[in-house]
Amino acid sequence: MKKTNTLICAIVFNAAFVPVSVTAQQKMNLNFSTSMPKGGCIIGFRGGNAPGTDKPMKLEFSYRVRDGNMNTQISVNGWPKAQKEDPNRVVPMTMTLDTGEKLLSADGGYSSGFNDRYWAAWGKENSAAVFEKMKNVKTVHIEGDGMDFGSFDLQVKGLVYTWISDCAAKQKAAGQ
């Protein structure tokens, strides 16, 4: 709570000294989740429903601090498609950035457990480049296994890159 109060005070303080017209002010409602498991950073965003279901999806980007490996996954609670799939079948994911660039994952597939997942691993060779591209991205469109998962709003341009960068710095400072 203290960080929130400090941030609000800083915004109010700065706003008092910056001339802004009332019509130019905007409220921003951000909706994303974060997690900092030991040695990792995860940021997630809600999306539409999984293809052919009424089950909501969540797109997550995860980053392993020790080697910079980046993964992307779509999580769905109770998704029959993922539950029936062979977990050893390789199913790469295509992620189209709002910059127009299409990225094909090095690996991918399905897993099932508490949440059912369609995941993509960008690989040691590609993770740094994919991560760097996230600096300028606000929306991604996901396709794979003959399905269109739709577009996911990442809320703010560069949010994935900025949050993961900050998280990784904190993890490294903590010796992770």
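Just so it is clear, none of the values below were taken in a lab; they were calculated from the coordinates. Worth saying up front: this structure is predicted, and the values here are computed from it rather than measured. When we count neighbours, we look across all protein chains shown, and the Cβ atoms used for this are built from the backbone with ideal geometry, even at glycine.
Counting alpha carbon pairs within less than 8 Å and at least 6 residues apart, what relative contact order, in whole percent, applies to region 29-173? Mind dumping the intermediate values first?
On the way: 325 pairs, mean separation 33.7, N = 145.
Relative contact order comes out at 23 percent.
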What FRET efficiency comes out for Gln83 versus Asp107 if R0 is 22 angstrom and r is the Cβ-Cβ distance? Round to the nearest 0.05. 0.60
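What is the magnitude of the charge dipole of region 43-176 about its Cα centre, with +1 placed on the Cβ of each Lys and Arg, -1 on the Cβ of each Asp and Glu, and no other charges, expressed in debye to the nearest 20?
Working: 17 positive and 16 negative charges, 84 e Å.
Dipole size: approximately 400 debye.
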Can you give the calculated 222 nm mean residue ellipticity of the chain, where each DSSP H run of n ≥ 4 adds -39,500 (n - 2.57) and the sum is split over every residue, rounded to the nearest 500 deg cm²/dmol? -8000 deg cm²/dmol
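What is the sum of charges, Lys and Arg at +1 and Asp and Glu at -1, for the other residues whose Cβ falls under 15 Å from the Cβ of Tyr118?
-2
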Sparse-neighbour loop sites [chymotrypsin sites (Phe, Trp or Tyr not before Pro); region 101-175; at most 12 other C-beta within 10 Å; DSSP]: Phe114
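In the structure displayed, which of Lys58/Lys81; Lys55/Lys84; Lys55/Lys135; Lys27/Lys135; Lys38/Lys124; Lys102/Lys138 lie more than 18 Å apart, Cα to Cα? Spell out each step's value before the answer.
Values: Lys58/Lys81 16 Å; Lys55/Lys84 16 Å; Lys55/Lys135 30 Å; Lys27/Lys135 23 Å; Lys38/Lys124 20 Å; Lys102/Lys138 14 Å.
Checking Cα-Cα distances, Lys55/Lys135; Lys27/Lys135; Lys38/Lys124 exceed 18 Å.
Need one number for the chain: average projected area of the convex hull over its C-alpha atoms, nm². Intermediate values should be presented prior to the final figure.
Values: hull surface 51.2 nm².
Average projection, Cα convex hull of the chain: 12.8 nm².
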